[in-house]
Amino acid sequence: MSMAYDANPFPTGNEELVRLAERSVDYHRMAKALDWLAERWSDHPSLDEAAQAVGLSPFHFQRIFTRWAGVSPKSFVSAIAHAEARRSLEAGGTVLDAAFDAGLSGPSRLHDLFIAQEAVTPGEVRRRGAGMRLRWGWAPTPFGKGLFVMADRGLAGLAFSDGDDAVSFADMHRRFPAADWIRDDEAAQATALHAFTGGEGPLPVVLIGSPFHIQVWKALLNIPAGETATYGQVAGWAGKPKAFQATGGAIGANPISLLIPCHRAIAKSGKLTGYHWGLARKAAILGMEAVAKAG
């Protein structure tokens with residue numbers, strides 16, 4: 001098993017991969033601003049205030065942010081404010097519940113996300129990955145450097161690194177310590193292109209976890225892009241309406257960030273709460289989804 005954590009320069013021959021790499025770099029440059037905005041978006045901070053918070057001139061901040069997000073910081077914050085948890089829950093909470101009751105989840109939601117899922121057996125879960133071959137590698141994403149883990153049947157893990165590659169890899173490796181890990185950056189980059197630039201057909205995803213964890217991860221797929229739900233709602237959809245703490249633990253254990261949208265689960269108060277990959281990234285993902293929905 002190779003555990004090298006080199007910079008892994010991405011190939012320059014693929015224009016879509018180059019663009020993805022540029023957005024990945026821009027995300028890291030904007031991370032401090034996004035962390036700052038995550039705490040203040042309801043106040044509609046000005047461009048000058050946001051730029052000052054990250055030590056850039058308003059001109060340079062606007063240029064880099066717009067290149068990353070595709071919209072200005074003002075439009076980004078406005079989209080988030082309109083999708084803020086309170087309004088989303090008041091307007092859409094019962095709609096989400098009705099959609100779940102009507103069966104508008106599972107395959108239909110998965111296809112909306114260009115994902116097809118296949119859970120492993122309980123025996124495979126208990127063996128902690130023994131007998132499984134996992135290819136892993138680094139690739140750019142719109143939300144920073146991504147660690148992709150691919151099983152024979154599909155994507156098994158997606159994590160992020162903020163310059164701490166070894167820590168990110170160790171966090172993922174401990175989930176499947178008995179597997180045969182094989183370094184494959186080319187496969188990771190192909191998966192990134194499929195996930196973020198629209199590959200042909202659905203992106204297969206393998207859910208590796210306990211039955212309850214898988215119930216919770218599937219329940220997360222009922223939250224449409226651009227909307228949020230409380231941990232209590234997710235617990236109800238998973239069949240354990242009173243198991244808030246266990247549901248929170250299952251959400252936190254989700255190995256496939258972004259595509260299994262644990263970022264859309266928030267506190268009942270409407271506040272953004274802990275996210276395994278940082279509140280800046282949670283704000284970035286929710287903001288991009290809000291912008292896409294508003295557009």
- For the pairs Lys218/Lys293; Lys32/Lys282; Lys32/Lys293; Lys218/Lys240; Lys74/Lys145; Lys145/Lys218, note any where the Cα-Cα span goes beyond 18 Å. Lys218/Lys293; Lys32/Lys293; Lys74/Lys145; Lys145/Lys218
- Please report, in cubic angstrom per residue, the volume enclosed by the convex hull of the alpha-carbon atoms of segment 186-295. 115 Å³
- Task: Using a 1.4 Å probe and ignoring any ligands, DNA or RNA, find the accessible area of Val25 and quote it in Å² to the nearest 10.
- Result: 90 Å²
- Gain in span if fully extended, Glu15 to Lys293, counting 0.36 nm per residue against the direct Cα distance: 97.5 nm
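The values are calculated or read from the model by the stated rules, or taken from the named source; none is laboratory data. This is a predicted model, so every value here is computed, not measured. The protein model used for the area step is the full one, side chains on, heavy atoms only, and it has no ligands, DNA or RNA in it. Shrake-Rupley method; radii C 1.70, N 1.55, O 1.52, S 1.80 Å.
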